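Here is the structure we will look at, set down as structure tokens.
The values are calculated or read from the model by the stated rules, or taken from the named source; none is laboratory data. None of the values given here were measured: they were computed from a predicted structure. Cβ sites come from the backbone with ideal geometry, for glycine too, and all protein chains shown count toward neighbours. Surface areas here come from the heavy atoms of the whole protein model, side chains and all, with no ligands, DNA or RNA. Shrake-Rupley method; radii C 1.70, N 1.55, O 1.52, S 1.80 Å.
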Amino acid sequence: MRLSRYFLPVLKETPSEAQIVSHRLMLRAGMIKQQAAGIYSWLPLGYRVLRRIEQIVHEEQQRAGHIPLLMPTLQSADLWRESGRYDDYGDEMLRITDRQKRDLLYGPTNEEMITDIFRSNVNSYKDLPLTLYQVQWKFRDEMRPRFGVMRGREFLMKDGYNFDLTEADALHAYNRHLVSYLRTYERMGLQAIPMRADSGPIGGEDTHEFLVLADTGESEVFYDSEITDLTFGDREIDYDDPAACRAVLDEFTSRYARTDETHDEAVFADVPEARRKSARGIEVGQIFYFGTKYSEPMGATVVGPDGARTPVHMGSHGIGVSRLLGAIIEASHDERGIIWPEGVAPFHVGIVNLKQGDASTDSACEAIEGELRAQGLDVLYDDRDERAGAKFATMDLIGLPWRVTVGPRGLASNKVELTSRRTGETVELSPQDAVARLAEIYAPVFARSFTG
């Protein structure tokens, strides 16, 4: 992609309405544009990151054996009346009446609809276990939307739902989701800590939120600092092995970590004082087990091994896909702009041409661009007729992890500069070695992808 042809409306000044770093930088980097309170258009750069995050979510869900579908954003109020939540959910639900005077709602979540799909199509325990999920736009009518995509009214969310014959089977699904979420967040360059949480309007007693520690987090959290030393890494887990999944859950939840809603000062006091920490956290996902809360009132039953009908055990599992952009920026930025982790960057590498119009420099940039693309890397080539400082400032603001700088002086000795956005370290390499080094850097990123 040539920057001279790309739509990247960067701003030099920070908009006055932006209160936190991620909102400021997303506006300045031309990633989003506000259309109404808490509702944004996703401009090309932001949309690329959104799709990167969504792809990782899809890959890790399917790695765990979960099956994608897509449900409508508008739902019948009658389904929610069946479950008893229509009147209980509150003013965050946007209720609508169509021209036929039918009551509809813009879905904030999909427990009722997925239960209706299940009960219409599944009759036997032999079709279990089953986990269905989607990545879909949701709407919650926040009274005070703020902080950009961190607390918007319209947002992109992955919501998944498991259906199991027994409580034990459903708790295995819960553990399986925890494992898949740890993989998901680490692929995005995040440490998201599972914390005991409150179930809110979803219901159920077993629930963990995944929180990224950040000064601008909306929740106060309390935790044993040992938990920040844990990483999932590249370990392989058999998602069909209940003991293996349970072992991961035990590893990541055995230390104290709770949101303010479930914090227990007496239990926290048992943690050694030096390891007792409190901070702010950004919620980026939550998993629930709620048993038969929806299946019983809505008649989602299967014929069991004994021939009798029994309500299925269920859970729901969400990831805030659009919110993750803000969380990543809050966790990874500096005074110059965003610093994207390699796994979610809108472009893997940027090329800066220091002397646009010079035949040899233009030719070298185009050759490097072609070789990088041949390695499977997405490249943003700054071919604008701008001074070098302006080009560097743009690259720093939008946060591409790596930059290749090409100029006549370096090319005279067959050298270009390869710069890390995160560390600022610059090395001089031949164009061929720079391409080889970038291919090496991104090889583990590509190796972690999954094709179901």
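Here are the numbers for this structure:
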quantity: Cβ-placed point charges (K, R +1; D, E -1), dipole of segment 89-224 about Cα centre in debye, nearest 20; calculated: 620 debye
quantity: Within the accessible area of the chain (1.4 Å probe), percent carbon and sulfur; calculated: 46 percent
quantity: Computed magnitude of the charge dipole of the chain (debye, nearest 20; Cβ of K, R +1, Cβ of D, E -1); calculated: 1600 debye
quantity: Dipole of segment 171-280 [Lys/Arg +1, Asp/Glu -1 at C-beta], most positive-end residue of 279, 247, 228; calculated: 228
quantity: Cα-centred dipole magnitude for segment 1-102, charges only on beta-carbon of K, R (+1) and D, E (-1), debye, nearest 20; calculated: 680 debye
quantity: Residue-averaged [θ]222 nm for the chain, counting only DSSP H segments that reach four residues, each worth -39500 (n - 2.57); calculated: -10000 deg cm²/dmol
quantity: 330, 236, 226, ranked by accessible area, largest first (probe 1.4 Å); calculated: 236, 226, 330
quantity: Sorted peptide list for 157-163, 262-268, 24-30, criterion being average Cβ within 10 angstrom, highest first; calculated: 157-163, 24-30, 262-268
quantity: Coil-residue GluC sites (Glu not before Pro) of segment 37-124, DSSP, other Cβ within 10 Å capped at 15; calculated: 92
quantity: Sites residue 39 and residue 409 - FRET efficiency at Förster radius 45 Å, r taken between beta-carbons, to 0.05; calculated: 0.40
quantity: Global size of segment 344-422 as Cα Rg and Dmax, reported in angstrom; calculated: 11.7, 35
quantity: Potential extension, residue 363-residue 309 segment - 0.36 nm per residue separation minus Cα distance; calculated: 12.3 nm
quantity: Set of lysines near residue 12 by C-alpha distance (under 28 Å), chain-local residues within fewer than 8 positions excluded; calculated: 33, 355, 391
quantity: Protection proxy ranking of 97-106, 125-134 - average other beta-carbon atoms within 10 Å, highest first; calculated: 125-134, 97-106
quantity: Given charges at Cβ of Lys, Arg, Asp, Glu: segment 12-58 dipole, positive-most of 53, 36, 14; calculated: 53
quantity: Farthest toward positive dipole pole in segment 292-366 [+1 Lys/Arg, -1 Asp/Glu at C-beta], among 329, 352, 363; calculated: 329
quantity: For the chain: span of alpha carbons on each principal axis (Å, largest first); calculated: 81, 55, 45
